[in-house]
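Q: There's a structure below that I have some questions on.
Computed from the coordinates by the stated procedures, all read-outs in this text should not be read as laboratory data. Remember, predicted model here, so these are calculated numbers, not experimental data. Here the Cβ positions follow ideal geometry from the backbone for every residue, glycine too, while neighbour counts run over all protein chains shown.
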Amino acid sequence: MSQQEKPDFLQPLPYSLHPTPNTLHPSKRKLLVVEDDSSIATQMKWALAQDYDVLLAEDRNSAMEVVKTQQPSVVTLDLGLPPRPGEVEEGFLALGEMLSQDSLIKVIVITGQGEKGHALKAIGEGAYDFFCKPIQIDELKVVLSRAFYVSQLEHEHRELQKRMSPDAFEGMLGTSPKMQEVFSEIRKVATTDIPVLVLGESGTGKELVAHAIHQRSSRKDRPFVVINCSAIPESLLESELFGHEKGAFTGAHIQRKGRFETAQGGTLFLDEIGELSLALQVKLLRFLQEQKIERIGGREEIFVDARVLAASNRDLKQSVQEGRFREDLYYRLGVVTISLPPLREREGDGLLLATILLQRYADENKRKITGFTPQAIRAIEAYHWPGNIRELENRIKRAVIMAEGAKLTPPDLELVAPYAKYEGGGLREAREALEKDLIERALAKNKGNMTKAAEELGISRPTLYELMEKLGIGKNKMPR
Ligand SMILES: Nc1ncnc2c1ncn2[C@@H]1O[C@H](COP(=O)(O)OP(=O)(O)OP(=O)(O)O)[C@@H](O)[C@H]1O
Ligand SMILES: [Mg+2]
């Protein structure tokens, strides 16, 4: 663009641009103008400064410096740069470097008239768009605005992908410090062969942890064999685990290998280990000590190279004290113990998981549900999740199918916020509502016996009468 052809920036645009707020870059959006002609650069800056934070660079090196340090989303790039502004090599080099620095950067190439060939080549090399001089600022503004819009969408998409994909840890999501600690424990033990005992409430992800350990070990291309000790009847479990020879017992028509042998070279995960009978505990202990098993009815010892992982949702130490679990086995298995925190103790993870599961199930069921209402968010955070992540999965799965609005509400999740009924009024109303609740409950529990109810509430009988009158609790409300 020559200096005479001033951009027509004063003309208002006849149409509106996408006024999408840039949520990823809340400050003014950054535009880099790479232009060696300082007067053109200044004019562009002046024309665009209202909408963008305009950064200037006059050659490839300074442009790259800005790309690295300021991370502009969009660049306008004059292909003719010093030291040879009449040629386009420097421009192409700059384009390549910018894209390898930031694959999402939107580069709009500016070429002279009659240089469409260069422009098309630039597009072929990854430029977002091109523009021929002389620059019409209004047109450029439209192109820029679209470029920023696309850039924002791509960034959001990438962000989402990051969260959706097992970016977490082997399919386990969790940003809370407690889960980060678990991930680091898994990393440490994965590469060894020592047994690991995974403890945690139901639904906290014990099986996922076992699988993560396997995946991160050198055994990952060998079998990961899961056996749920509580799901197989005691009478079949021994043969299931250790196998049997032909004729070992009635019905044993053929020889059969057990799960230990199937896990050869890999990992054997014994879920619900606390349910294992004492007899089988002895056999397991022997395997842990000698790495050898015997099939039922067999005479030879079979060497098995399998790493053992075990899980339990009950307190194994207590089982030891009650004589239901061998102490020596407990210490063998629990050389390393990984304790999974319940969901309610993982700060922020509930909401993270809820959001990602919602997106997943909404996609699967082709339902346009975009998120949670603020009340639902509060309910998710306040609820104590006794069934942990499995419960969260189930509630969201159900809600996605049943919900009528675009955002899930506490009733959709069957989670009515514990304080919902006390909200909306002042402290006095809340106090009275709570008093009323407690008195009604005490009366119901004590089958209408005023003396007992008063005693339980820690007040005198006359005070209870007084309160009932004040709060409008009728005697007819009391069950007899
Ligand atoms: N951190 C996590 N991120 C994503 N999904 C998870 C996470 N933890 C658990 N899940 C999911 O929750 C469900 C329950 O996990 P898993 O079966 O591993 O738990 P568990 O502790 O073995 O439960 P149970 O005691 O009921 O056997 C699975 O569907 C699993 O994919
Ligand atoms: Mg399990």
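Q: For q = 0.11 Å⁻¹, what log10 I(q)/I(0) does region 171-300 give under the Debye formula with an equal point scatterer on each alpha carbon and no solvent?
A: With no solvent term, the Cα-only Debye profile gives -0.45.
Q: Another question about this same structure. Taking 7 Å along the Cα-to-C-beta vector as the label spot, tell me the L471-D221 distance in nanometres, rounded to one decimal.
A: 6.9
Q: Give me the angle, in degrees from 0 to 90, between the Cα long axis of helix 349-364 and the longest principal axis of the Cα atoms of the chain, rounded to the nearest 10.
A: In the chain, helix 349-364 runs at an angle near 80 degrees to the longest axis.
Q: Tally Lys and Arg at +1 and Asp and Glu at -1 over the other residues with C-beta under 12 Å from the C-beta of L236: what net charge comes out?
A: Result for the neighbourhood of L236: -1.
Q: Need the full-extension length gain, T463 to I254, defined as separation in residues times 0.36 nm minus the C-alpha distance. One decimal, nm.
A: That works out to 67.4 nm of additional length.
Q: Write down the Kirkwood hydrodynamic radius of region 290-411, to one decimal in angstroms, obtained as one divided by the mean of 1/r over all alpha carbon pairs.
A: 18.3 Å is the Kirkwood radius here.
Q: Using a simple spin-label model with points 7 Å from Cα along the Cα→Cβ vector, what separation in nm is obtained for L153 and E301?
A: Each label point lies 7 Å from its Cα, and together they span 6.7 nm.
Q: Could you please rank L358, L309, placing first whichever residue has the fewest other Cβ atoms within 10 Å of its Cβ?
A: Neighbour counts put them in this order, fewest first: L358, L309.
Q: Restricting to bridges with both residues inside region 231-382, how much of the DSSP beta-bridge set is antiparallel, in percent to the nearest 5?
A: Rounded to the nearest five, the antiparallel share is 45 percent.
Q: OK, next. For region 168-226, treating each Cα as an identical point scatterer without solvent, what Debye log10 I(q)/I(0) comes out at q = 0.15, 0.27 1/Å?
A: Result of the Debye calculation: -0.42, -1.32.
Q: Suppose each label sits 7 Å from its Cα in the direction of the beta carbon; what would the E381-L438 distance come out to in nanometres?
A: Taking the two extended label points, one gets 2.6 nm.
Q: Counting every Cα pair in region 128-218, what percent are over 19 Å apart?
A: Counting pairs separated by more than 19 Å, the tail of P(r) holds 59 percent.
Q: Compute the whole-percent fraction of alpha carbon pairs in the chain spaced more than 30 Å apart.
A: Taking all Cα-Cα pairs of the chain, the fraction more than 30 Å apart is 68 percent.
Q: Test of understanding: what is the full-extension gain from K397 to E364, defined as 0.36 nm times their sequence separation minus their Cα-Cα distance?
A: 10.9 nm
Q: Something else about it: Any chance you could give the angle, 0 to 90 degrees and rounded to 10, that helix 177-190 forms with the longest Cα principal axis of the chain?
A: 80
Q: On the principal axes of its Cα set, how long, how wide and how thick is region 60-141? Give whole Å, largest value first.
A: 33, 29, 21
Q: Suppose only helical runs count, i.e. DSSP H with n ≥ 4. What mean residue ellipticity at 222 nm does that imply for the chain under -39500 (n - 2.57) per run, divided by all residues and rounded to the nearest 500 deg cm²/dmol?
A: -13500 deg cm²/dmol
Q: Using the number of other C-beta atoms within 10 angstrom as an exposure proxy, rank R187, R428 with the fewest first.
A: R428, R187
Q: Please report, in debye to the nearest 20, how large the charge dipole of the chain is about its Cα centre when each Lys and Arg carries +1 at its beta carbon and each Asp and Glu carries -1 there.
A: 2060
Q: Determine, for I108, I396, I296, I254, the number of other Cβ atoms within 10 Å of each Cβ, and report the residues in order from fewest to most.
A: So the residues, fewest neighbours to most, are I254, I296, I108, I396.
Q: With a Förster radius of 25 Å, plug the Cβ-Cβ distance of E139 and E65 into 1/(1 + (r/R0)^6) and report the FRET value to the nearest 0.05.
A: Between E139 and E65 the formula returns 0.30.
Q: Normalised radius of gyration for region 348-480, please: alpha carbon Rg relative to 2.2 N^0.38 Å, two decimal places.
A: 1.43
Q: Now for a separate question. To the nearest 0.05, what FRET efficiency results for C132 and T373 with a Förster distance of 41 Å applied to their C-beta separation?
A: 0.25
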